[in-house]
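Colleague: Structure provided below as structure tokens; questions to follow.
The values are calculated or read from the model by the stated rules, or taken from the named source; none is laboratory data. All values derive from a computational prediction rather than experimental measurement. So basically every Cβ, Gly included, is an ideal-geometry build from the backbone, and we count neighbours across all protein chains shown. Surface accessibility is based on the protein's heavy atoms, side chains included, excluding ligands, DNA and RNA. Shrake-Rupley method; radii C 1.70, N 1.55, O 1.52, S 1.80 Å.
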Amino acid sequence: MQGRRRSGERMQQPGGVPTPPAVPLDGGTAGYLRLPPGHSVPAPAPATVLPDVHHAGVAVLLIGPAGAGKTTVARFWADRRQVPTAHISLDDVREWVRSGFADPRTGWDDRSEAQYRLARRTCGFAARNFLANGISCILDDAVFPDRPAVGLGGWKRHVGPGLIPVVLLPGLDVVLERNAERSGTRRLSDEEVATIHGRMAGWYGSGLPIIDNSRHDVATTARMLDEAVTRSLQSPPPW
């Protein structure tokens, strides 16, 4: 008869495959780690030594108008980090709604705002869940500086004060060119793109780091994002 299993020895399935630990069925877990109600990313304390952004656990919000390259840069940046990092796109989450989707091309109304708020809460929960399990994240969204309903306050509530916002703001000619290459619900009219871009200029003077990637490739822009995140970790911007 086989002896009693020693303390610390893992159970195995047939064939020698380790049996994963059971997930507690208490409804209050995130992966294998408990996610307390209201848990959020804490604001970092001012650093005395320049942080190594490549190994730091962070939550970054990449802001910019349609056509700024947010999704492309965010994916590139997340793919190449030396720690596990997830990319969360608010537009992707919004489009999980199929029947009844509030198409941004039809304008902004109560239904659009409700779906936006729902998508933002969903992204915020996903970010906290990833972070609680040791995975950094970068979110991207077209956050307006002059519209509270789609402003930074909601992101701060849903993710936490440790969220690092960075603005990606190329020139109007660049975003118009990139928008023309889009299709489906992601392609907006030139007039709407110009309006959004103009309102994004309000971020100048906000104190947030701003990257003009008009003449930079994706790799260079990602490096500049690293530098902006490093500065924010060392001296968090007021927001």
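Colleague: Hey, Trp203 hits all of (1) farther than 20 Å from Ser232 by Cβ; (2) buried (at least 16 other Cβ atoms within 10 Å of the Cβ); (3) of a type outside the set (A, V, I, L, M); (4) at pLDDT 85 or above but one; which does it fall short on?
Modeller: Of everything listed in (1) farther than 20 Å from Ser232 by Cβ; (2) buried (at least 16 other Cβ atoms within 10 Å of the Cβ); (3) of a type outside the set (A, V, I, L, M); (4) at pLDDT 85 or above, Trp203 misses just condition (1).
Colleague: Quick one: would you say Cys137 is modelled with pLDDT of 95 or more and not in a helix (DSSP H, G or I)?
Modeller: Answer is yes for this residue.
Colleague: In segment 120-150, which residue that is in contact with a Phe, Trp or Tyr (Cβ under 8 Å, 6 or more places away or on another chain) and small (Gly, Ala, Ser) is farthest from Asp79 (Cα to Cα)?
Modeller: Ala149
A quick yes/no check of all residues on (1) more than 23 Å from Gly153 (Cα to Cα); (2) of a type in the set (Phe, Trp, Tyr); (3) open to solvent by less than 60 Å² (accessible area, probe 1.4 Å); (4) touching an Asp or Glu at 6+ places or on another chain (Cβ under 8 Å):
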residue: Gly184; (1), (2), (3), (4): yes, no, yes, no
residue: Ile196; (1), (2), (3), (4): no, no, yes, no
residue: Asn213; (1), (2), (3), (4): yes, no, yes, no
residue: His216; (1), (2), (3), (4): yes, no, no, no
residue: Ala219; (1), (2), (3), (4): yes, no, yes, no
residue: Leu225; (1), (2), (3), (4): no, no, yes, no
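Colleague: Taking segment 62-88 on its own, how many of its residues are over 14 Å from Ile210 (Cβ atoms), open to solvent by less than 40 Å² (accessible area, probe 1.4 Å) and among the hydrophobic types (A, V, I, L, M, F, W, C)?
Modeller: So the count comes out to 7.
Colleague: Within segment 187-227, track down each residue that is farther than 28 Å from Glu95 by Cα, touching a residue at least 60 places away in the same chain (Cβ under 8 Å) and part of a loop (DSSP other than H, G, I, E, B).
Modeller: Across segment 187-227, the qualifying residues are Ser206, Leu208.
Colleague: Can you pull out every residue in segment 96-115 that is of a type outside the set (A, V, I, L, M), out of contact with any Leu (no Cβ under 8 Å at 6 or more places or on another chain) and open to solvent by less than 50 Å² (accessible area, probe 1.4 Å)?
Modeller: Gly100, Phe101, Asp103, Gly107, Ser112, Glu113, Gln115
Colleague: Gly134 versus (1) touching a helix residue (DSSP H, G or I) at 6+ places or on another chain (Cβ under 9 Å); (2) farther than 14 Å from Leu90 by Cα; (3) in contact (Cβ under 8 Å) with a residue 24 or more places away in the chain: which is the lone unmet condition?
Modeller: It fails just one condition, (1).
Colleague: Examine segment 165-180 for a residue that is open to solvent by less than 40 Å² (accessible area, probe 1.4 Å) and under 19 Å from Tyr116 (Cα atoms), and state whether such a residue exists.
Modeller: yes
Colleague: Could you count how many residues in segment 146-161 are of a type outside the set (D, E, K, R), surrounded by fewer than 18 Cβ atoms within 10 Å (Cβ to Cβ) and not in a helix (DSSP H, G or I)?
Modeller: 2
Colleague: If a residue must be touching a residue at least 40 places away in the same chain (Cβ under 8 Å), of a type in the set (Asp, Glu) and part of a helix (DSSP H, G or I), how many such residues does segment 102-116 contain?
Modeller: 0
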